[in-house]
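The values are calculated or read from the model by the stated rules, or taken from the named source; none is laboratory data. Since this is a predicted model, take the numbers as computed values, not measurements. Reconstructed Cβ throughout: ideal geometry from the backbone, glycine too, with neighbour counts over all protein chains shown. Remember, those area values only see protein heavy atoms, side chains included, never the ligands or the DNA or RNA. Shrake-Rupley method; radii C 1.70, N 1.55, O 1.52, S 1.80 Å.
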Amino acid sequence: MAAKKESTFINMVVVLLIVSTVAATTLAFVYQATKGPIEQAKLKKQKNAIKKVVADFDNNPIAENFKVAIAEGDTLECYPAKKGDKLVGLAVKTYTKKGFSGKIWLMVGYNPDGSINNISVLEHKETPGLGDKMEKAKSDWSNKFNGLIPEFKGDEPVNIKVTKDGGVIDAITATTISSRAFCDAVNRSFIAFKNSQK
Amino acid sequence: MEYVLIIISAIFVNNVILAKFLGVCPFFGVSKKVETALGMGGAVVFVMTIATIVTYLIQKYILDKFGIQYMQTITFILIIASLVQLVEIILKKMSPSLYQALGIFLPLITTNCAVLGVAILAVSTDGFGLMESTVYAIASAIGFGLALTIFAGIREQLDMMDVPEGMKGVPIAFVTAGILALAFMGFSGIA
Amino acid sequence: MSKVNIFTRGFFKENAVFVMLLGLCPALGTTTSAINGLAMGLATTFVLIMSNIVVSLIKSQIPDKVRIPAYIVVIASFVTVVELTMKAYLPELFAVLGLFIPLIVVNCLILGRAEAFASKNNVFDSILDGLGMGLGFAMALTILGAVREVLGSGSIFDIPLYEGDGALVFVLAPGAFIALGYLIAILNKLTKKTA
């Protein structure tokens with residue numbers, strides 16, 4: 001084995017410099033190589049989510065996306081689904097901060113008449129085994145929303161609330177907070193849908 | 001965001017060790033005595049707070065600005081490692097008594113994943129500014145110290161208990177930690 | 001030490017999780033199911049082998065006093081490679097493992113092997129060591145994940161075993177500690193009998 005380099009100041013600085021430079025260059029290369037696939041993976045995920053929640057379409061909803069304000073400084077992204085030139089649905093990417101831990105992101109799909117077609121969960125950090133039942137893969141709870149048209153009395157939602165709060169949605173067992181948050185996200189998306197019609 | 005909410009959430013509801021599994025190694029390593037647990041807790045409060053502030057500034061003003069977010073892991077860990085060294089040198093010079101108390105724990109902190117974990121969480125949480133991140137870091141570190149100290153207190157008692165042969169030592173410590181985590185889950189009602 | 005021995009001791013005699021109690025954070029944090037545990041274990045194995053190779057190659061060029069920072073840079077680079085690759089090709093898995101991927105960098109197991117083994121041995125032995133230790137770690141995580149999945153969700157590798165919800169607590173944080181505690185106790189019992 002070759003003798004160890006001595007720990008002189010010059011040696012230490014030079015070695016660390018070389019190691020860091022090589023590391024940074026390698027990472028820059030890997031970053032460049034994976035940049036495209038990472039973007040595509042994100043787009044694909046979004047496109048799949050849109051496909052799941054609105055009726056069959058043949059346009060590119062992501063390319064035609066627009067932002068709708070639902071309150072001062074609060075905007076949501078919308079993706080129109082069209083077949084031919086006819087609008088067949090609108091997917092709204094919505095979120096709520098009222099979740100158990102962190103934001104819950106949903107993609108809510110509307111039919112042209114304002115009724116909910118389907119909902120898919122994009123991202124959440126709710127408790128596994130409890131709050132994550134909002135995911136289609138874990139339970140069909142979120143199907144309860146399909147076909148409903150959210151109603152409001154002033155700013156207050158009327159029907160999209162858990163039954164405990166006087167709404168029509170049975171909360172997921174032992175998970176009132178997550179269920180309430182889910183309703184909140186849906187109601188927010190409906191305001192975006194309504195405002196987009198104006 | 002409300003600071004009170006951040007503090008309560010970071011200490012009790014989302015305790016770094018018992019709910020997020022960050023810093024589990026020192027949790028078992030230095031929890032045999034309450035005294036050492038307190039020392040380690042103090043050192044972590046110190047380093048975690050400074051580390052989160054520095055990494056936050058680096059993230060916002062260097063990594064984000066130049067679009068090199070992929071250097072995050074490597075930059076953060078180097079910052080934490082150098083900070084630990086720096087704190088050690090400064091403490092030695094400025095306050096020998098504090099160094100006496102915390103000194104031996106400092107080198108262990110570099111590989112305490114709670115420090116890196118909290119730094120990454122702070123910059124990746126939406127709506128966290130410098131103030132929120134700092135508060136979050138302090139509260140997380142206090143949560144770490146709290147869990148560590150409670151656990152050390154239980155383990156001191158545990159030594160005197162009649163534990164079944166196969167469960168002696170490490171296994172019973174894990175089961176105890178599990179029960180403690182169960183107790184902390186009760187706090188989730190607060191949020 | 002024989003080559004076979006270098007490879008196999010990572011599985012039982014010096015198993016990172018069950019015996020040495022290293023890398024506990026990912027061992028507890030990512031093992032909500034067998035598949036997650038396996039994925040985390042394999043990601044760690046990759047970083048461990050690569051860092052062992054590089055450290056072993058450059059060991060004679062690194063002055064003693066700066067060896068730790070140099071090793072950390074090497075490890076952090078490979079962790080970032082894993083992170084970027086997973087984001088690009090396995091985005092769903094990355095979403096589940098999340099924070100614990102960058103945290104591989106502070107897994108004491110990896111720096112520990114670099115310092116205790118790779119910095120003193122040749123490349124071939126270092127690869128064997130990394131492979132053995134890494135797969136031993138992956139095995140431990142898979143077993144723990146499997147136990148928690150069977151008890152907590154009533155399935156294994158996503159294949160349902162029985163009806164109903166299972167004991168939810170095993171998927172949550174407390175169950176992780178308790179399951180690992182009992183696993184170590186059982187392992188202690190078994191190794192004592194054979195010895």
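Take A:M12, C:M20 and sort them by solvent-accessible surface of the protein heavy atoms, 1.4 Å probe, largest at the top.
Largest to smallest exposure gives the sequence C:M20, A:M12.
Please arrange A:F182, C:F100 by accessible surface area, largest first, computed with a 1.4 Å probe and ligands excluded.
Highest to lowest solvent-accessible surface, that is C:F100, A:F182.
Counting only protein heavy atoms, what percent of the accessible surface of chain B is carbon or sulfur at a 1.4 Å probe?
Carbon plus sulfur share of accessible area: 69 percent.
Could you run the numbers on buried accessible area between C and A, total for both chains, 1.4 angstrom probe, in Å² to the nearest 100?
Interface between C and A: roughly 2200 Å².
Lys/Arg Cβ at +1, Asp/Glu Cβ at -1, dipole of chain C taken about the Cα centre: which of C:F157, C:A179, C:N5 is farthest positive-ward?
Of the options given, the answer is C:N5.
In vacuum, with every alpha carbon of the stretch B:1-40 counted as one equal point scatterer, what does the Debye formula give for log10 I(q)/I(0) at q = 0.14, 0.24, 0.28 Å⁻¹? Two decimals, please.
The calculated log intensity ratios at q = 0.14, 0.24, 0.28 Å⁻¹ are -0.40, -0.81, -0.89.
So for each of B:125-138, A:78-91 I average, over its residues, the number of other beta carbons within 10 Å; can you give me the resulting order with the highest mean first?
Averaged packing, sorted descending, gives the order A:78-91, B:125-138.
I'd like the interface area for chains C and B: accessible area of each alone minus the complex, both sides summed, 1.4 Å probe, protein heavy atoms only. What is it in Å² to the nearest 100?
Rounded to the nearest hundred, the buried surface is 3000 Å².
With every protein chain left in place and a probe of 1.4 Å, what is the accessible surface of A:F193, to the nearest 10 Å²?
10 Å²
Report, in whole Å, the centroid distance computed from the Cα atoms of the stretch A:9-49 and the stretch C:26-66.
Centre-to-centre distance over Cα atoms comes out at 18 Å.
In Å, what Kirkwood hydrodynamic radius results for the protein assembly as shown from the alpha-carbon pair distances?
Result for the protein assembly as shown, one decimal place: 25.7 Å.
For the ranges A:150-157, C:113-120, what's the packing order if you count other beta-carbon atoms within 10 Å of each residue, average per peptide, and put the highest first?
Ranking, from highest mean packing down: C:113-120, A:150-157.
How big is the Rg/Rh ratio for chain C, C-alpha atoms only, Rh by Kirkwood, two decimals?
Using only Cα positions, Rg/Rh for chain C is 1.01.
Debye calculation, C-alpha points only, no solvent: report log10 I(q)/I(0) for the stretch A:139-193 at q = 0.13 Å⁻¹, in the same order as the q values.
Log10 I(q)/I(0), no solvent term: -0.28.
With no solvent and one equal point scatterer placed on each C-alpha of the stretch B:33-136, evaluate the Debye formula and give log10 I(q)/I(0) for q = 0.11, 0.18, 0.19, 0.22 Å⁻¹, two decimals.
Once normalised to I(0) and log-transformed, intensities are -0.35, -0.84, -0.91, -1.12.
Helix-only mean residue ellipticity at 222 nm, chain B, DSSP H runs n ≥ 4 weighted -39,500 (n - 2.57), per residue, nearest 500. What is it?
Rounded to the nearest 500, it is -21500 deg cm²/dmol.
Ignoring ligands, DNA and RNA, how do B:I104, A:I62 rank by accessible area with a 1.4 Å probe, largest first?
Accessible-area ranking of B:I104, A:I62, largest first: B:I104, A:I62.
Specify the angular offset, from 0 to 90 degrees and rounded to the nearest 10, of the alpha carbon long axis of helix A:9-53 from the longest principal axis of the alpha carbons in chain A.
Rounded to the nearest ten degrees, it is 20.
Can you tell me the orientation of helix B:130-158 relative to chain B, as the angle in degrees between its alpha-carbon axis and the longest Cα principal axis, to the nearest 10?
The angle comes out at about 10 degrees.
Take every residue in peptide B:157-166, count the Cβ atoms of other chains within 10 Å of its Cβ, and give the average of those counts.
Mean shielding by partner chains, rounded to a whole number: 1.
If the convex hull of the alpha-carbon atoms of the stretch B:109-191 is projected onto planes in all directions, what is the mean projected area in square nanometres?
Taking a quarter of the hull surface, the average projection is 7.3 nm².
List the pair-distance distribution P(r) of the stretch A:53-197, using every Cα-Cα distance, as the percent of pairs falling in each 10 Å bin from 0 up to the bin containing the longest distance, rounded to whole percents.
Percent of pairs per bin, in order: 12, 44, 34, 10, 0.
What is the average number of partner chain Cβ atoms found within 10 Å of a Cβ in C:89-95?
Across C:89-95, the average partner-chain Cβ count within 10 Å equals 3.
Using only Cα atoms, find the angle between the long axis of helix C:123-153 and the longest principal axis of chain C, and express it within 0 to 90 degrees, rounded to the nearest 10.
Between the helix axis and the principal axis of chain C, the angle is about 10 degrees.
Do the sum for chain C: with -39,500 (n - 2.57) for every DSSP H run of n ≥ 4, divided by all residues, what is the mean residue ellipticity at 222 nm, to the nearest 500 deg cm²/dmol?
Result for chain C, helices only: -21500 deg cm²/dmol.
For B:D159, what accessible surface area do you get with a 1.4 Å probe? Give it in Å², rounded to 10.
Looks like 130 Å² after rounding.
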